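To keep things clear, I will list the structure first and then write my remarks on it.
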Amino acid sequence: MQIRKYKAFLTVFFLSLITTGFAASNSSDNEATTEEEPFNASELIFHHIGDSHSFHVYGSDEDHFPKALTVPLPVILWTDNGLVSFLSNEFHHDVDGKVVVEKNGMKFVNLHSKIYQLNEGAIAVDFDEEHHATNAVRPMDFSVTKNVFSMFLSVALILLIFLLSARSYRKSEDNMPSGIGRFMEPIVVFIRDEVAIPNIGENHYKKYMPYLLTLFFFIWINNVIGLIPFFPFSSNLSGNIAFTLTLAVITFVITLFSSKKYYWKHMLWMPGLPVPMKLFLAPIEIIGMFVKPIALMIRLFANITAGHVIVLSLIGLIFIFETFWVAPISVLFTLFISVIEVLVVAIQAYIFTMLSALYFGQALEEEHEH
Amino acid sequence: MDLIKPEIGLIFWTALTFAILLFVLKKFAWKPILGAVGDREDSIKKALAEAENARKEMQNLQADNERILKEARAEREAMLKEARELKDKIVSDAKDQAKVEADKMVKQAQATIEGEKKAAVSEIKSQVANLSVDIAEKVIKEQLANKDKQLKLVEGMLGDIKLN
């Protein structure tokens, strides 16, 4: 009997994982329709892995401190009439576009954690059939969101760690680190000896070391912050496409600026091949040039987001089945996944850095080295 | 889907933050850390090379020592040989000299003996002569009585002396 139950559970478990993926696409349709709607796992998950204008610490949105706590974050908007900024708690946790905030004669609403500016004369948001706002536009949004806040936190952590490390070197007489520097040095040396030197080469690697090290620790620390499930961590910054896009673009730009003649020759007119083959390969190589950073972007985004989705799905099972008996299994699986995630986040940071170094190395390649 | 729509705000903040972080870390963290690690590695390399040199020097020194020892041994051997030869020579020289000396002494002794003998013989001769003269006197005195007997006696006595 027990085995059958277990099998049934597993079936439901995997089905739910699959369906959350499909449910995601039409989640916006069925939310906010009824007050006591059934538990919507995809909504919960997408709320957690998405960005937000305030940092929810604990409690329900309807309650107030000390029963609930949500840290407000600054909203900074670049509108047609200049810069507008206010704290996000002026929306009163509303994400459905009901609360209208008026600043400098402009009206703003928070719709699904995105700020919309109402058109002239409008007093409330109108929705079309697909629940899109019809009478509002999005201003340029430079708000310090949950992810930006998390990024600042990571920067503070990284600066703390490495300025302390650097100081421990300066204080010692024989260049031996102490304290945290002792933990960080093997990683720094690893990036140098296993990532930079083999991929870029002895001659050029020094120029790229600051970028590779910063990149690795920036991604890694942000990945780790995403794994810690409470305030002020728990954001999904490194699983955000904007974040990975920016880093991938920086790598791409550095690759282009490092590129030598042979890189382009190799791409546009592959040496040592018959002419038809050269003509055939050139477009593929050009596409490949762009695919590399795009793959970087998607790899990090997908891996980190997937980790968050799995953990949230496992916890969501308790609410889907509406029983405590699932909790031990959920917790056990979550623990298992979390342990794997600890590995995955380090590996993803390593892979991003390693591939960046590899692309720099390719761009720097000289003819005779081939 | 929101998930794969990059937000301009986050791109802006990421780029800005990353640039500042890169700049600050490059200046205040990576430069000193990588510099210190590099310096240390250089000093380790240097120390290793020095150790290797010292080892080689030590080997050279050892070889030198051995060579010197060998030389000293050879020298000692040579000195001993020389000493032995010297000793042999001195001994043989001494022997030769002693022999010469002994020969000389023997000759001297022989000469002395010869001289003594001659002196003794001449003494004996003179004594014999004296004795003969005495005897002759006595005989002559007696012969004065008996001339034949006197002559016989002289002749017999002389014959005795010659035998001596």
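Provide Rg and Dmax in Å for the range A:145-215, with only Cα atoms included in the calculation.
Rg then Dmax for the range A:145-215, in Å: 14.3, 44.
Starting from the Kirkwood Rh over alpha-carbon pairs, what translational D in µm² s⁻¹ does the protein assembly as shown have by Stokes-Einstein at 25 °C and 0.890 mPa s?
D = 75 µm²/s.
Mean-square fluctuation check for chain A, GNM, Cα pairs under 10 Å: which of A:G50, A:G201, A:G239 is largest?
Ranking A:G50, A:G201, A:G239 by mean-square fluctuation puts A:G201 first.
Give the interface area between chains B and A as buried accessible surface, both sides summed, probe 1.4 Å, in Å² to the nearest 100.
The summed interface area works out to 3600 Å².
Looking at the range B:92-133, what % of the alpha carbon pairs are farther apart than 15 Å?
So the pairs more than 15 Å apart make up 58 percent of the total in the range B:92-133.
Can you give the FRET efficiency for A:F230 and B:I44, using 1/(1 + (r/R0)^6), R0 = 51 Å, r = Cβ-Cβ distance, to the nearest 0.05?
Using R0 = 51 Å, I get an efficiency of 0.70.
Based on DSSP H runs of at least 4 residues, each adding -39500 (n - 2.57), what is the mean residue ellipticity at 222 nm of chain B after dividing by all its residues, to the nearest 500 deg cm²/dmol?
Theoretical 222 nm ellipticity from helices: -34000 deg cm²/dmol.
Go through A:I228, A:G82, B:W30 and say which Cα lies farthest out towards the positive end of the charge dipole of the protein assembly as shown; charges sit on Cβ, +1 for Lys and Arg, -1 for Asp and Glu.
Farthest along the dipole direction, towards plus: B:W30.
Express the accessible area of the range A:68-144 per residue in Å², computed with a 1.4 Å probe while the remaining protein chains stay in the model.
Heavy-atom SASA per residue in the range A:68-144 reads 52 Å².
Send over the semi-axes of the range A:277-370's equivalent ellipsoid, whole angstrom and largest first, taken as the square roots of 5 times the C-alpha gyration tensor eigenvalues.
Each semi-axis is √(5λ); the values are 43, 15, 8 Å.
About the Cα centre of the protein assembly as shown, what is the dipole size in debye to 20, counting +1 per Lys and Arg Cβ and -1 per Asp and Glu Cβ, all else neutral?
3380 debye
Rounded, prolate or oblate for the range A:219-326? Axes are the square roots of the Cα gyration tensor eigenvalues, ordered a ≥ b ≥ c, and the cut-off for rounded is a/c under 1.5.
Prolate.
I want to verify a result. In a Gaussian network model of chain A, Cα cutoff 10 Å, which of these has the top mean-square fluctuation: A:Y350, A:Y263, A:Y359?
Evaluated over chain A, the most mobile residue of the options is A:Y263.
Using a Förster distance of 45 angstrom, determine the FRET efficiency expected from the C-beta separation of B:A98 and B:E77, and round it to 0.05.
0.90
Quick check: Cα centre of the range A:103-160 to Cα centre of the range A:189-204, how many Å?
Comparing the Cα centres of the range A:103-160 and the range A:189-204, I get a distance of 43 Å.
In the range A:147-363, with Lys and Arg counted as +1 and Asp and Glu as -1 at Cβ, which of these residues, A:I161, A:F216, A:V249, has the Cα nearest the positive end of the dipole, that is, farthest along it?
Value computed over the given set: A:V249.
Could you compute the FRET efficiency for B:A120 and B:I90, with r as their C-beta to C-beta distance and R0 at 41 Å, rounded to 0.05?
0.45
Dividing the alpha-carbon Rg of the range A:153-285 by 2.2 N^0.38 Å yields what?
1.42
Could you work out the mean count of beta carbons from other protein chains within 10 Å of each residue's beta carbon in B:30-42?
Shielding by partners across B:30-42 averages 6.
Counting only protein heavy atoms, what percent of the accessible surface of chain A is carbon or sulfur at a 1.4 Å probe?
After summing per-atom areas, the C and S share lands at 66 percent.
With a 1.4 Å probe and all protein chains in place, put A:L227, A:L335 in order of accessible area, largest first.
A:L335, A:L227
Name the residue farthest towards the positive end of the dipole of the protein assembly as shown from the options B:G115, A:A302, A:L69, assuming +1 on Cβ of Lys and Arg, -1 on Cβ of Asp and Glu, about the Cα centre.
Most positive-ward Cα: B:G115.
Roughly what angle does helix A:241-258 make with the longest principal axis of chain A, taking Cα atoms, 0 to 90 degrees, to the nearest 10?
Orientation of helix A:241-258: about 20 degrees from the principal axis.
Could you state the per residue volume, in Å³, of the convex hull enclosing the Cα atoms of the range A:68-144?
Cα-based convex hull of the range A:68-144, divided per residue, equals 86 Å³.
Out of every Cα-Cα pair in the range B:18-164, what percent are more than 29 Å apart?
It works out to 72 percent of all Cα pairs.
Per residue of A:240-250, count partner chain C-beta atoms within 10 Å of its C-beta, then hand back the mean as an integer.
Other-chain Cβ atoms within 10 Å of each residue's Cβ, averaged: 6.
Per the helix-only calculation at 222 nm, which mean residue ellipticity applies to chain A, given -39500 (n - 2.57) for every DSSP H run of n ≥ 4 and division by its residues, nearest 500 deg cm²/dmol?
-19500 deg cm²/dmol
Do any GluC sites (Glu not before Pro) in the range A:320-370 lie in a loop, going by DSSP, with at most 14 other beta-carbon atoms within 10 Å of their beta carbon, and if so which?
The qualifying sites are A:E322, A:E366.
The values are calculated or read from the model by the stated rules, or taken from the named source; none is laboratory data. Just so it is clear, the structure is predicted and the values come from calculations on it, not from any experiment. Cβ sites come from the backbone with ideal geometry, for glycine too, and all protein chains shown count toward neighbours. Note: accessible area is taken over every heavy atom of the protein model, side chains too, but ligands, DNA and RNA are not part of it. Shrake-Rupley method; radii C 1.70, N 1.55, O 1.52, S 1.80 Å.
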